[in-house]
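Student: Got a structure for you, questions after.
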Amino acid sequence: MKKLLISLFLSAAMLILTLQPAKADSAVVGTGTTASCTEAAFDSALAALYPGATAPGGVLSFNCGPNPYTIVFTSEKFLQDGTVIDGGGLITLSGGNTTRIFFVTQQARVELHHIQLTHGYSAGGGAIYAEPNNSGDFTYLLLNDVTLTSNNSYGFGGAIRAQHSALTLINSHLVQNVSASGGGAISLTDGVISMSGTEIINNSTPNPGATGGGLDLWNTTVDIQTSVLRGNQATQSAGGAIALRASTGSIATSEIGQNTAFNLGGGLYLSASSDLGLSQVTITTNTANSGAGIAVDNSLLL
């Protein structure tokens, strides 16, 4: 019954997120050339969506020519209401190793499609920070065919830091992100995470006490399917691929391999009364001083 309720909740969350921008304005960055695709042009297009002619939010796309192109930001961009950003498979947004790329405001419903975010840098969420409102609805963030690579946080969440949020990742890739405090790729507290067809590869959290080389999840409902978590490292702590505390959910038809933790749970580390079900999950070639594949502390593994 618990798994059924979790599945229904996640399905409802994804449906709400998908339907949010029904009445949407649109804005385009660029006029067909790379020279027209600047940070100023992005700022102008984003400003057109708030409050917008029809409703706050809408769809932002790019017209930068037929080839891949990178826009370097000098400041983070605030996303709010129901906003969709679609890179068309050609656009990379870079923080230039100096700034976070996106700040998702509390209770927003944001979707990112077919885009790459790289070289973001911040105290929390190198590429994306999802702002919580602990007394209200979740902040919703969906990533579809999104690559987050080489982002760095000197706090939690090398690529993404979220609190009181629902995250959905579909066919996405989080690669070589680094967090100092925990969650080399993603740090999520008090929320829901749903992943399918997604790769969490070669992320790390190098500092003492920093858990979750790939994912660091606290008080979170987890649904991971058909995904790969490989080569992640909690260099001086626990949970090479995933660290779960007070969390519940399931992982199915996925691979957890070649991850490393210094002390506990090279692949998975469960603690603080977590409850996790595994189905058709390959756990192989992980390393740790104790519990190379899985370490369970006051928790239940099904």
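Student: Can you find, among Phe138, Ile128, Ile115, the residue farthest towards the positive end of the dipole of region 39-164? Put +1 on the C-beta of Lys and Arg, -1 on that of Asp and Glu.
Tutor: Result: Ile128.
Student: Something else now. With runs of 4+ DSSP H residues as the only contributors, calculate the mean residue ellipticity of the chain at 222 nm using -39,500 (n - 2.57) per run, divided by the residue total and rounded to the nearest 500.
Tutor: Calculated from helices alone, the mean residue ellipticity at 222 nm is -3000 deg cm²/dmol.
Student: Tell me whether region 140-257 comes out rounded, prolate or oblate; compute the Cα gyration tensor, take square roots of the eigenvalues as a ≥ b ≥ c, and use a/c under 1.5 as the rounded threshold.
Tutor: Because its axes are fairly even, with a/c under 1.5, region 140-257 counts as rounded.
Student: Right, next: Within region 131-172, whose backbone N sits under 20 Å from a point 7 Å along Cα→Cβ of Thr253?
Tutor: 143-146, 168-172
Student: Just to check I understand the Karplus step: with θ = phi - 60° and J = 6.51 cos²θ - 1.76 cosθ + 1.60, what whole-Hz values come out for region 38-51, glycine and proline as x?
Tutor: Listing the rounded values in order: 10, 4, 4, 5, 5, 4, 5, 5, 5, 5, 5, 8, 10, x Hz.
Student: With everything on Cα atoms, drop me the angle between helix 2-19 and the longest principal axis of the chain, reported from 0 to 90° to the nearest 10.
Tutor: In the chain, helix 2-19 runs at an angle near 10 degrees to the longest axis.
Student: Dipole of the chain (Lys/Arg Cβ +1, Asp/Glu Cβ -1, origin at the Cα centre): which of Ser250, Gly82, His173 lies farthest to the positive side?
Tutor: Toward the positive end, the furthest listed residue is Ser250.
Student: Related question: D for the chain, whole µm²/s, Stokes-Einstein with Kirkwood Rh over alpha-carbon pairs at 10 °C and 1.306 mPa s: what number?
Tutor: 84
Student: Scan around Thr98 for amide H atoms under 5 Å from its own, H built in the peptide plane at 1.01 Å from N, and keep only partners 5 or more places away or cross-chain.
Tutor: It is Tyr121, by chain and number.
Student: Expected output is a single nm value to one decimal: the length gained when fully extending between Thr105 and Ala123, i.e. 0.36 nm times separation in residues minus the C-alpha distance. What is it?
Tutor: 4.8 nm
Student: What dipole magnitude, in Debye to the nearest 20, does the chain give about its Cα centre under +1 on Lys/Arg Cβ and -1 on Asp/Glu Cβ?
Tutor: Dipole magnitude for the chain comes out near 280 debye.
Student: Answer with one residue from Leu93, Gly291, Val72: the one whose Cα lies farthest towards the positive end of the charge dipole of the chain, charges on Cβ with Lys, Arg +1 and Asp, Glu -1.
Tutor: Gly291
Student: With a cut-off of 8 Å between alpha carbons and a minimum separation of six or more residues, what is the relative contact order of region 95-233 in percent?
Tutor: Value for region 95-233: 19 percent.
Student: Under 5 Å between amide hydrogens, which residues at least 5 positions from Tyr50 or on another chain qualify, with H placed 1.01 Å from N in the peptide plane?
Tutor: Gly57
Student: May I pose another question? Quote to one decimal, in nm, the extra length available between Leu90 and Leu278 on full extension: 0.36 nm per residue of separation minus the C-alpha distance between them.
Tutor: 64.0 nm
Student: At 25 °C and 0.890 mPa s, what whole-number value in µm²/s does Stokes-Einstein give for the translational diffusion of region 76-231, with Rh from the Kirkwood sum over Cα pairs?
Tutor: Estimated diffusion coefficient is 168 µm²/s.
Student: Something else about it: Please turn the phi angles of region 185-193 into ³J(HN,Hα) values with the Karplus equation 6.51 cos²θ - 1.76 cosθ + 1.60 (θ = phi - 60°), one per residue in order, whole Hz, x for glycine and proline.
Tutor: So the J values, rounded to whole Hz, are 9, 9, 10, 10, 10, 6, x, 9, 10.
Student: Which shape class, rounded, prolate or oblate, goes with region 84-159 when its Cα gyration tensor gives a ≥ b ≥ c as root eigenvalues, a/c under 1.5 marks rounded, and past that a/b bigger than b/c marks prolate?
Tutor: The shape class here is oblate.
Student: Okay, moving on. Each residue of region 215-224 in order: what ³J(HN,Hα) in whole Hz does its phi give by Karplus 6.51 cos²θ - 1.76 cosθ + 1.60, θ = phi - 60°, with x for Gly and Pro?
Tutor: For region 215-224, the Karplus curve yields 10, 10, 10, 10, 6, 10, 8, 10, 9, 10 Hz.
Student: Please report, as a whole percent, how much of the solvent-accessible surface of the chain comes from carbon and sulfur atoms (probe radius 1.4 Å).
Tutor: Carbon and sulfur: 53 percent of the exposed surface of the chain.
Student: Another question, if that's okay. Compute the distance from the alpha-carbon center of region 235-302 to that of region 39-64, in whole Å.
Tutor: 41
Student: Any idea what the relative contact order of the chain is, in percent, if you count C-alpha pairs under 8 Å spaced at least 6 apart?
Tutor: The normalised contact order for the chain reaches 9 percent.
Student: So what is the relative contact order of region 51-134, in percent, for Cα pairs below 8 Å that sit 6 or more residues apart?
Tutor: In percent, rounded to a whole number, it is 28.
Student: Going by amide H atoms built from the backbone, whose H comes under 5 Å of the H on Gln106, apart from near neighbours?
Tutor: Residues meeting the amide H criterion: Glu131.
The values are calculated or read from the model by the stated rules, or taken from the named source; none is laboratory data. Model, not experiment: these values are computed from the prediction. Ideal geometry is used to build each Cβ from the backbone, glycine not excepted, and the neighbour counts take in all protein chains shown. Side chains are part of the model used for accessible areas, which takes the heavy atoms of the whole protein and leaves out ligands, DNA and RNA. Shrake-Rupley method; radii C 1.70, N 1.55, O 1.52, S 1.80 Å.
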